[in-house]
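Remarks on the structure that follows.
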Amino acid sequence: GRFSPDFASEQQEDHAARSGEYDANYETLRSLGRGAFGFVKLASKRDNGTLVVVKFICKATVIPEHWVKHEVMGLVPLEICVLAELSHPNVVQLLEAYENVHYFQLVMEKHGDGIDLFTFIEGGPTLDEPLISYMFRQVVAALSYLHELKILHRDVKDENIILDHQFHLKLIDFGSAAYMREGHLFNTFCGTLEYCSPEVLLGNSYAGPELEMWSLGVTLYTLVFGENPFFDVEEIIAGHLKPPCLVSPGLMKTQLRLLHPDPKSRATLPDLQADSWVNQPVDINNYSFSSVVKGGVKAEQQSDDQLSKLSDNFRRQNLFPRSFT
Ligand code: ADP
Ligand code: MG
Ligand code: MG
């Protein structure tokens, strides 16, 4: 296991993470995911059996810049503060937040059966363009809502999007989020390398929305082609796309506008809201989840061991806040 060195075993860490008021109210069940900053588990409310998803955030891993003072909750990671403010059909809903000496416990709604878009794509789903557009426009809706509230997510990627069997998508993981301020430019990036835009990698300070649009472009590419457009910094900066198959001109145009090397020429959220490919007609009742994934995705049957193997081999690491200058 990859438990923190402060704990002798993963069991000890699990116990430290759940103890306290949270544990009095919820029974903690199986693991759903584990990242550098904590882990995510399924839990059930003790008094009524409601299933929820809980993210355990280890206080020791929250960087100094990410602590903020909340009116009601006191000193909390920005991630909790941001999520507490949000309510949108395409953003995961925070239900409650608890803390003990070492951890915060973020109790979120359970959406679908706990699979994210990364796992979905790994299963090799059969997707046509209307269905992809239907999924993609929901991420656009989530980001439009956030940007209106002057919030940047800064870690848009397949792993941070969950979906249910009706192809209803929700954005999760606000651990890299930040508030935008008029005229303020950011100098650091703590999202995911493979989803970072070329100008940010080259060390330019950035306003935010244009970085987010690039990440959205990488996410779209991954959904369409089942593979990353770029695998390292050199490839991102070179910016050559080598799609493995042909797609419609409308999709290719949208794709190229999102992965435009010049941030000023890159598509914006209003561009996407007016885009005919993004908003093409689709009857979602024509699609059944089981025939799209053909048994490829079975989150419920994955053991913790398989999950951690997946994360070691394929999942991508968040960068610690860094500036590329
Ligand atoms: P990290 O900041 O460590 O990346 P995330 O918030 O992204 O943590 O959660 C890690 C993983 O746990 C996600 O990629 C996803 O697979 C799963 N996960 C997180 N929240 C939920 C949720 N509400 N429902 C289902 N799965 C979730
Ligand atoms: Mg994540
Ligand atoms: Mg995160």
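Checking Thr50 against (1) modelled with pLDDT of 95 or more; (2) within 23 Å of the chain's Cα centre (by Cα); (3) of a type in the set (S, T, N, Q): exactly one of these is not met. Which one?
(2)
For residues that are of a type outside the set (Ser, Thr, Tyr), farther than 13 Å from Phe104 by Cβ and more than 16 Å from ligand 3 (Cβ to nearest atom), tally how many sit in the stretch 15-52.
Looking only at that region, the number is 16.
To keep it simple, each residue is scored yes or no on (1) within 16 Å of ligand 2 (Cβ to nearest atom); (2) within 16 Å of the chain's Cα centre (by Cα); (3) not charged (D, E, K, R).
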residue	(1), (2), (3)
His102	no, no, yes
Ile115	yes, yes, yes
Pro130	no, no, yes
Tyr145	no, yes, yes
Arg154	yes, yes, no
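Filter the stretch 37-71 for residues that are aliphatic (A, V, I, L, M) and either crowded, with 19+ Cβ neighbours inside 10 Å or part of a strand (DSSP E or B) (or both) and give the result.
Matches in the stretch 37-71: Val40, Leu42, Ala43, Leu51, Val52, Val53, Val54, Ile57, Val62, Val68.
Which one is farthest from Ile132 (Cα to Cα), of the residues in the stretch 270-281 that are open to solvent by less than 40 Å² (accessible area, probe 1.4 Å) and more than 22 Å from the chain's Cα centre (by Cα)?
The residue in question is Asp275.
Could we say that Glu182 is charged (D, E, K, R), within 16 Å of ligand 2 (Cβ to nearest atom) and outside any strand (DSSP E or B) here?
Working: charged (D, E, K, R): yes; within 16 Å of ligand 2 (Cβ to nearest atom): no; outside any strand (DSSP E or B): yes.
Judged against the criteria, Glu182 is not a match.
Across the stretch 174-214, which residue is most open to solvent (accessible area, probe 1.4 Å) among those that are closer than 21 Å to Arg316 by Cβ and polar (S, T, N, Q)?
Thr188
Six or more apart or on different chains, Cβ under 6 Å: which pairs go from a residue in the stretch 166-179 that's closer than 29 Å to Val282 by Cβ and of a type in the set (Val, Ile, Thr) to one that's open to solvent by 10 Å² or more (accessible area, probe 1.4 Å) and more than 8 Å from ligand 3 (Cβ to nearest atom)? Could you list them?
From residues that are closer than 29 Å to Val282 by Cβ and of a type in the set (Val, Ile, Thr), the pairs are Ile172/Ile162.
Looking only at residues that are farther than 15 Å from Leu216 by Cβ and assigned to a helix (DSSP H, G or I) in the stretch 122-151, which one is least open to solvent (accessible area, probe 1.4 Å)?
Filtering first and then ranking leaves Leu131.
If I go through the stretch 77-100 residue by residue, how many of them are among the β-branched types (Val, Ile, Thr) and either under 19 Å from Leu51 (Cα atoms) or free of Cβ contacts under 8 Å to residues at least 12 places away in the same chain (or both)?
Counting residues in the stretch 77-100 that are among the β-branched types (Val, Ile, Thr) and either under 19 Å from Leu51 (Cα atoms) or free of Cβ contacts under 8 Å to residues at least 12 places away in the same chain (or both) gives 2.
Restricting to the stretch 8-36, name every residue that is open to solvent by less than 70 Å² (accessible area, probe 1.4 Å) and at pLDDT below 95.
Ser9, Glu10, Glu13, Asp14, Ala16, Arg30, Ser31, Leu32, Gly33, Arg34, Gly35, Ala36
Of the residues in the stretch 215-242, how many are open to solvent by 30 Å² or more (accessible area, probe 1.4 Å), touching a residue at least 12 places away in the same chain (Cβ under 8 Å), closer than 20 Å to Lys264 by Cβ and in a helix (DSSP H, G or I)?
1
Looking at the stretch 76-113, which of the residues that are charged (D, E, K, R) and outside any strand (DSSP E or B) is most open to solvent (accessible area, probe 1.4 Å)?
Glu85
Could you tell me which residue of the stretch 152-166 is farthest from ligand 1 (Cβ to nearest atom), considering only residues that are of a type outside the set (D, E, K, R) and surrounded by fewer than 21 Cβ atoms within 10 Å (Cβ to Cβ)?
Among residues in the stretch 152-166 that are of a type outside the set (D, E, K, R) and surrounded by fewer than 21 Cβ atoms within 10 Å (Cβ to Cβ), the one farthest from ligand 1 (Cβ to nearest atom) is Gln166.
What are the residue pairs meeting all of these: first residue in the stretch 108-121, first residue of a type in the set (Gly, Ala, Ser), second residue not in a loop (DSSP other than H, G, I, E, B), Cβ atoms under 8 Å, and 6 or more apart or on different chains?
That search, which allows pairs on different chains as well, returns Gly112/Ile162; Gly112/Leu163; Gly114/Leu32; Gly114/Leu42; Gly114/Val53; Gly114/Ile162; Gly114/Ala299; Gly114/Glu300.
Which condition number in (1) more than 16 Å from ligand 2 (Cβ to nearest atom); (2) modelled with pLDDT of 95 or more is the one that Glu300 fails?
All conditions pass for Glu300, except number (2).
The values are calculated or read from the model by the stated rules, or taken from the named source; none is laboratory data. Everything quoted here is computed from the prediction, not taken from an experiment. Methodologically, a virtual Cβ is constructed for each residue, glycine included, from the backbone with ideal geometry; neighbour enumeration extends over all protein chains shown. In case anyone asks, the SASA skips ligands and DNA or RNA and just uses the protein heavy atoms, side chains included. Shrake-Rupley method; radii C 1.70, N 1.55, O 1.52, S 1.80 Å.
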